[in-house]
1. Please report, for B:Ala10, the nm distances (one decimal) from its label point, 7 Å out from Cα along the beta-carbon direction, to the equivalent points in the remaining copies, shortest first.
2. What lysines does A:Lys158 reach when the alpha-carbon gap must be under 30 Å and sequence neighbours fewer than 8 apart in one chain are set aside?
3. Take peptide B:34-46, look around each residue's Cβ out to 10 angstrom, count Cβ atoms belonging to other protein chains, and average those counts.
4. Mind listing the long-range amide H neighbours of A:Gly127? Cut-off is under 5 Å, sequence gap 5 or more, other chains count too, H placed in the peptide plane at 1.01 Å from N.
5. Quick one: which residues, 5 or more positions from A:Tyr252 or on another chain, have an amide H under 5 Å from its amide H? H modelled 1.01 Å from N in the peptide plane, none for Pro or chain starts.
6. Shielding of A:266-276 by partners, i.e. mean partner chain Cβ atoms within 10 Å per residue?
7. Sorted by mean Cβ packing within 10 Å, highest first, what order do the peptides A:160-166, A:31-37 take?
8. Give a residue-ordered list of calculated ³J(HN,Hα) values for region B:131-144 (Karplus: 6.51 cos²θ - 1.76 cosθ + 1.60, θ = phi - 60°; whole Hz; x for Gly, Pro).
Number of protein chains: 2
Amino acid sequence: MPLPERQIIARIRRLATQSPASTRSAVVRGIGDDCAVLRLGPGADTLVTTDLSIEDVHFRRDWYPAGFIGRQCLTRGLSDVAAMGGTPVAAFLSLALPARLPQRWADEFLDGLLALAKTYRVVLAGGDVSTSTSGVIADIIVVGRVPAGRAILRSGAKPGHALYVTGALGVAEARIKTLHARHQAELIPSQARVAVGQKLIGVASAMIDTSDGLSTDLSHICEESGVGAIVYVPALPAPAGIDFALHGGEDYELLFTAPPRAKVPARIAGVPISRIGEITRDRKTWVADARGRLHRLQPQGWQHFSKQS
Amino acid sequence: MPLPERQIIARIRRLATQSPASTRSAVVRGIGDDCAVLRLGPGADTLVTTDLSIEDVHFRRDWYPAGFIGRQCLTRGLSDVAAMGGTPVAAFLSLALPARLPQRWADEFLDGLLALAKTYRVVLAGGDVSTSTSGVIADIIVVGRVPAGRAILRSGAKPGHALYVTGALGVAEARIKTLHARHQAELIPSQARVAVGQKLIGVASAMIDTSDGLSTDLSHICEESGVGAIVYVPALPAPAGIDFALHGGEDYELLFTAPPRAKVPARIAGVPISRIGEITRDRKTWVADARGRLHRLQPQGWQHFSKQS
């Protein structure tokens with residue numbers, strides 16, 4: 001049996017950083033953030049992120065229209081670039097399709113993906129195509145740009161910094177759990193917060209997207225920054241309830257920290273910003289309820305479908 | 001039924017280039033070459049290539065040791081950078097593993113991949129990890145660098161240019177067909193010709209790697225350049241025979257063209273270079289036998305295992 005994903009990533013990271021090549025200056029930031037940061041020339045840094053979407057692991061083909069799935073695949077990559085404060089430039093698609101798949105499904109998948117790419121002025125610049133022996137497999141790679149040295153990493157949070165989140169939390173997960181997306185009128189695609197991320201350069205000290213759910217993604221910021229956090233439950237933007245807001249994934253909102261004196265507007269690029277907590281020294285994550293009582297917050301983010309069922 | 005891979009790629013390319021965003025200057029070269037070429041800053045261009053390796057499509061787990069498979073996955077990406085004359089900088093791995101897979105297999109796969117990365121001073125800088133509902137799926141992304149405007153594309157061949165190839169052709173395919181790689185002593189890993197590719201900048205007019213086999217990869221150069229070609233059969237470096245040399249894949253040699261007055265050495269970076277033909281105006285590909293008779297050469301390159309069986 002292979003290790004859980006978290007342990008596999010930790011192992012790859014350890015092995016990869018044992019290599020003396022990891023000191024190479026072109027890789028400013030490797031494994032352990034939303035994107036890698038490469039310094040390939042002066043002036044701008046290059047961001048690279050990859051996201052696998054596998055049928056019956058990340059999505060079910062009978063739950064969503066093909067165009068919606070194509071759109072969501074690209075959203076995952078765009079959101080990782082947003083979480084660094086970057087501008088997406090080009091996308092790459094490695095796509096494996098089962099022999100029995102209707103061509104129409106593949107066309108609609110591509111249409112959805114390319115329509116979203118156009119919205120963000122991102123070019124689909126390459127990729128790979130293969131036969132799949134099981135379901136649809138799509139690996140999306142997004143390359144972006146950020147001013148040199150200005151990428152907002154997960155590792156910049158410091159005790160005393162405030163914790164913020166864009167938009168509303170738990171909406172996507174609530175939709176998955178309660179509707180199974182059978183009512184297509186309810187299909188509201190998640191937005192990658194690219195414009196918000198760009199405006200947070202020079203403001204945010206650390207940032208991540210909430211694709212795995214607040215509790216899990218906050219733990220990533222805390223681990224990378226060597227800090228802890230308290231989340232104020234009454235402050236959460238939680239239209240679907242507190243549990244979905246704390247643990248629901250696939251929202252693609254931005255979770256970020258900022259020093260106490262930073263000026264963080266109530267709205268950025270039309271998206272509401274909520275101050276939901278603070279960063280602490282103790283390396284643990286807590287929630288504070290309406291009465292101010294503290295409870296431990298454990299990462300319980302989004303689980304793949306295959307593990308739920 | 002989905003279309004054959006070639007038609008899917010053509011369709012994606014057509015859809016992707018309909019977008020007005022495709023005129024964006026950052027993408028110097030998109031779909032249709034070994035790598036995309038991005039101009040993200042002055043001085044150097046950025047190369048990006050993605051290659052899917054899927055169990056029972058691209059490899060069989062019982063035919064090769066895990067470390068050999070990991071190594072070959074990365075070789076595919078390094079070879080695409082080599083075929084542009086570039087220097088690989090960073091690699092990304094999107095890896096999906098079946099629940100039943102022994103952890104030892106995953107470790108050996110990574111060891112093989114990372115050992116090769118170290119040889120080429122390439123950093124594994126990120127990726128994604130997931131559960132697979134079928135076999136092992138690995139998507140390798142390699143990012144490289146090339147001096148601005150100097151990437152060797154597939155589209156630069158002109159009538160009268162000579163046709164060259166590095167090393168020997170058909171060796172990998174002959175090994176697959178005759179040994180099924182059961183004799184591990186026979187496992188000679190393919191090399192990505194990175195150092196040769198770099199030295200061909202300013203010499204070669206068009207270049208591709210022979211991963212799909214000479215007949216198929218030559219047709220790609222001819223299509224992108226709007227030309228034809230004649231291959232001299234007696235000049236082929238064909239230790240496993242002419243058929244394997246013409247159609248065998250997975251060799252990762254470089255196939256390139258050069259103007260008649262270019263000085264192409266007999267060896268570059270220790271690798272022998274063979275002059276094997278010439279570029280013509282007629283947009284068809286031919287082989288000339290030992291008596292000088294011409295026969296049509298049809299693309300019959302490497303077929304995935306799933307189609308052979």
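1. 5.1
2. A:Lys199, A:Lys263, A:Lys284
3. Per-residue shielding by partner chains comes out at 5.
4. Result for A:Gly127 returns A:Leu93, B:Thr50.
5. Residues meeting the amide H criterion: A:Thr210, A:Ser211.
6. The per-residue average across the peptide is 0.
7. A:31-37, A:160-166
8. Computed from phi, the couplings for region B:131-144 are 6, 10, 8, 10, x, 6, 10, 10, 10, 9, 10, 10, 10, x Hz.
The values are calculated or read from the model by the stated rules, or taken from the named source; none is laboratory data. Computed from a prediction, not measured in an experiment: that's the story for all the values here. Please note: Cβ atoms are built from the backbone with ideal geometry, for glycine as well, and neighbour counts cover all protein chains shown. The area values use the complete protein model at the heavy-atom level, side chains included, leaving out ligands, DNA and RNA. Shrake-Rupley method; radii C 1.70, N 1.55, O 1.52, S 1.80 Å.
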